[in-house]
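Here the structure is laid out as structure tokens; the discussion comes afterwards.
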Amino acid sequence: ARCPAVFVAGLSMGGLVAAELAAARPADVTAVAILAAPLWLSGLNGMFVTAARFTPLRLVLPSIAKPVETDPRLREIRANNPSYDRVPTRAAGAFWDFMWRMRRRARDVRAPALVIYSRADGDVPFVNARLMARALGSEEIRRVTLDDSAHLMLLDRDAPRVCAEVRAFFDHHS
């Protein structure tokens, strides 16, 4: 049985996956929410994924430790929501490829799109909000800007607003 409506949402790399699904299945995806998905990275994150992709780093260094969080609030969020403490170098190179591919592939997204980014995100530069909105092929793009949440916006101060925005957007398109 087919679903009457399919909504796809993702945070960070999951946002790129959501966009890829919407691009690959335009007749099946009713609307998409893309949260803090990078099409470009700067600083240490950008240098790492670029080096992992274009240098022999991935051959000699299997993984790299994630940086220690200095902000006590963000340290608590990460402590309460543990993840891997290292990033596999080969995966980082593959992530660079995925970001690059999605810069072009995003134009195939036709579903209405909600794009949420935070100015306070220390991992994904805020310029990605504009890059993503411009890259999408959707006729309807709603942009929401946050000012008080870090990258894990669904666990941070703006989480209720993010959830309300996604729900309202999807309700509007159901």
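The values are calculated or read from the model by the stated rules, or taken from the named source; none is laboratory data. Quick caveat: nothing in here was measured; it's all calculated off a predicted structure. Here the Cβ positions follow ideal geometry from the backbone for every residue, glycine too, while neighbour counts run over all protein chains shown. Just the protein is used for accessible areas: all its heavy atoms, side chains included, with ligands, DNA and RNA removed. Shrake-Rupley method; radii C 1.70, N 1.55, O 1.52, S 1.80 Å.
Quick check: from the Cα gyration tensor, does the chain come out rounded (a/c under 1.5), prolate or oblate?
It comes out oblate by the Cα gyration axes.
Only helices enter this figure: runs of n ≥ 4 DSSP H residues, each worth -39500 (n - 2.57), summed and divided by the residues of the chain, yield -13500 deg cm²/dmol at 222 nm to the nearest 500. The residues packed around F169, meaning those with a beta-carbon under 14 Å from its beta-carbon, carry a net charge of +1 if Lys and Arg are +1 and Asp and Glu are -1. Once both labels are positioned 7 Å from their Cα atoms along Cα-to-Cβ, the gap between D147 and L61 label points is 3.7 nm. When the Gaussian network model of the chain links Cα atoms closer than 10 Å, the mean-square fluctuations of V115, V17, V68 top out at V68. Between amide H atoms placed 1.01 Å from N, distances below 5 Å from S63 occur with T89, all of them 5 or more places distant or on a separate chain.
Within the listed set V162, V49, V87, the Gaussian network model of the chain (springs between alpha-carbon atoms below 10 Å) gives the highest mean-square fluctuation for V87. Taking the longest Cα principal axis of the chain as reference, the axis of helix 89-105 is set at about 30 degrees.
Here the chain exposes an accessible surface that is 57 percent carbon and sulfur, computed with a 1.4 Å probe and the other protein chains kept in place. Taking only Cα atoms and a 10 Å spring cutoff, compute GNM fluctuations for the chain and point out the largest among A24, A150, A111. Answer for the Gaussian network model of the chain: A24.
Once the Cα atoms are used to define both axes, helix 159-172 deviates from the longest principal axis of the chain by about 30 degrees.
Applying 1/(1 + (r/R0)^6) with R0 = 25 Å to the Cβ-Cβ distance of H172 and E69, what FRET efficiency is obtained, to the nearest 0.05? Before the final figure, lay out each step's value.
Details: r = 36 Å, r/R0 = 1.44.
That gives a FRET efficiency of 0.10.
Summarising the amide proton neighbourhood of L146: residues at separation of 5 or more, or on other chains, whose placed amide H is nearer than 5 Å comprise Y117, S118, R119. Rounded to whole numbers, the Karplus 3J(HN,Hα) couplings from phi for region 124-131 are 10, x, 4, 4, 4, 4, 5, 4 Hz, using 6.51 cos²θ - 1.76 cosθ + 1.60 with θ = phi - 60°, and x at Gly and Pro. Working from Cα pairs under 8 Å separated by at least six residues, relative contact order for region 29-166 is 30 percent. For chymotrypsin sites (Phe, Trp or Tyr not before Pro), the sites in region 22-105 that DSSP calls loop and that have at most 10 other Cβ atoms within 10 Å are Y84. Ranked by solvent-accessible area (1.4 Å probe, protein heavy atoms only, all chains present), the residues D171, D71, D85 order from largest to smallest as D85, D171, D71.
Expressed as a whole percent, the proportion of Cα-Cα pairs in region 1-85 lying more than 18 Å apart is 64%.
Heavy atoms of the protein chains alone define the surface here; on that basis region 21-166 has 55 Å² accessible area per residue at 1.4 Å probe size.
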